[in-house]
1. Straight-line reach from B:Lys208: which lysines have Cα under 18 Å away, leaving out those fewer than 8 places along the same chain?
2. Can you give me the Kirkwood hydrodynamic radius for the stretch B:1-63, using every pair of distinct Cα atoms, in Å to one decimal?
3. Could you please report the charge total around B:His141, scoring K, R as +1 and D, E as -1 over all other residues with beta-carbon less than 14 angstrom from its beta-carbon?
4. Only loop residues by DSSP count here, and only those with at most 15 other Cβ atoms within 10 Å; note down the trypsin sites (Lys or Arg not before Pro) in the stretch A:130-166 that meet that.
5. Over 27 Å between Cα atoms, which of A:Lys94/A:Lys144; A:Lys110/A:Lys134; A:Lys94/A:Lys134 qualify?
6. Hey, can you rank B:148-156, B:21-29 by average C-beta count inside 10 Å, highest first?
7. Distance from a point 7 Å along Cα→Cβ of B:Leu164 to each backbone N in the stretch B:196-217: keep the residues under 17 Å and list them by number.
Amino acid sequence: MRRHTRRVYNLCYRFTGNAASAEDLSQEVFLRVYRTIGSYEPNYGSFATWLTSVTRNLLVDHYRRTRCDRLTDSIDDAPQAAEVHSADRTPHQKAEAMELSAQVQAGLAKLSPELREAVILRDLQGMEYAEIRKVLQVPEGTVKSRINRGRIELARILQEMGVRAD
Amino acid sequence: MNWNCALTEERLSDYLEGALAPAEREACAVHAAECAGCAEILSRVGELVGQMHALEPLLEPAFLSRRITRGTLGARAERHELAGIGGWLNLIWQPRFAMGIAMVAATFVILAHTAGLRLSSLKPSGLNPFNVAREANRQAHLTYARGEKFVNDLRVVYEIRAVLAAPPPAPSGQQNQAAPAPSGAPPSAPDTQERSSRELQRDAITRKATNNLHWAMLDPAFDKFALLPANRRPL
């Protein structure tokens, strides 16, 4: 379970942009997994893919449930999550990585939920297109289209925010 | 092959991930060379994807796993999980905790050394707070006494050197005979030779006495006050 905690927490945090919500949602994901573990079939794919699917469904529920709250919340007020840093990085590189991570997070928050989840699953979770297709339950062509549009939109948002590519 | 802006957007991921056929890749490159918008998209999105892939995963809160275990398997499983040494090590063995523990341990070692605790001679009674306080008090007084002794020894050495270096009193007969030389008159050569040989002799005596004194002070039974004149010895 500990092996998957970081993966689920990362997905929740990148989608919600709030550390406290990500923590609560991660716990909720594992509670749901614990209750519905009997419904998991190996034919569906790997356990990680199934776990991501459960997480995504909960995130969609959470998104719908908190739509009204988000209209009044500011992303700047949300608690930020800490990053894991490789030991061989210098303090300057760590600071740059933290800044970029926060900028990407701010950009993701401005994407539509459909594009956001596609970009997160592909570029931050490193999933294959076939796995993303199973999680999102849409054809692979749609997955690629969402990823493409999400990447272009995110690049445009970051450019407007003044983020310069190194 | 004809390539256009819509195709650039549609096949963007394939282009970035090298999944385009050679002919398609060539057509895309030719179009990008002519279309500034597509060239910028390819460049900017390529940079962004590279940066996102290089991002490290976020660190989950330290107690999230315990919280999840408690929520799913219950407190019993949590106790079982933490019962093993590995469970505690996972909780403690994080850089910030490890560094803090090391600093606290170093502080305790320094304090124990200062208080006179030695691991080789450590007994259960030595851990009694009363004994620890008494030993610390003793060590503090010993340190103060050693310092005081060192300063006193140094003072005695300098006093003895001052006494030995003082010019010997001239005999009263000679004092009357030696009339003061007229001002500006140079001393005669025999007088100068006699004075310099006397000074050399006195310096040699001083050095020898100081050397002997240093060796004598190493003897625990050495009475430094015995070297002083009788009227200057402490009561």
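Laboratory data are not the source of any read-out in this text; all were calculated from the coordinates shown. Fair warning: this is a prediction, and the values are worked out from it, not measured in the lab. All Cβ positions, glycine included, derive from the backbone under ideal geometry; neighbour counts span all protein chains shown.
1. Leaving aside lysines fewer than 8 places away in the same chain, those within reach of B:Lys208 are B:Lys224.
2. Working: mean 1/r = 0.0766 Å⁻¹.
Computed over Cα pairs of the stretch B:1-63, the Kirkwood hydrodynamic radius comes out at 13.1 Å.
3. Values: positive: B:Arg134, B:Arg138, B:Arg146, B:Lys149; negative: B:Glu135, B:Glu148.
Here the charged neighbours net out to +2.
4. On the way: sites: A:Arg133, A:Lys134, A:Lys144, A:Arg146, A:Arg149, A:Arg151, A:Arg156, A:Arg164; in loops: A:Arg164.
The qualifying sites are A:Arg164.
5. On the way: A:Lys94/A:Lys144 31 Å; A:Lys110/A:Lys134 25 Å; A:Lys94/A:Lys134 35 Å.
In this structure, A:Lys94/A:Lys144; A:Lys94/A:Lys134 exceed 27 Å between Cα atoms.
6. Working: B:148-156: 11.7, B:21-29: 13.7.
So the order, starting with the most tightly packed, is B:21-29, B:148-156.
7. B:198-217
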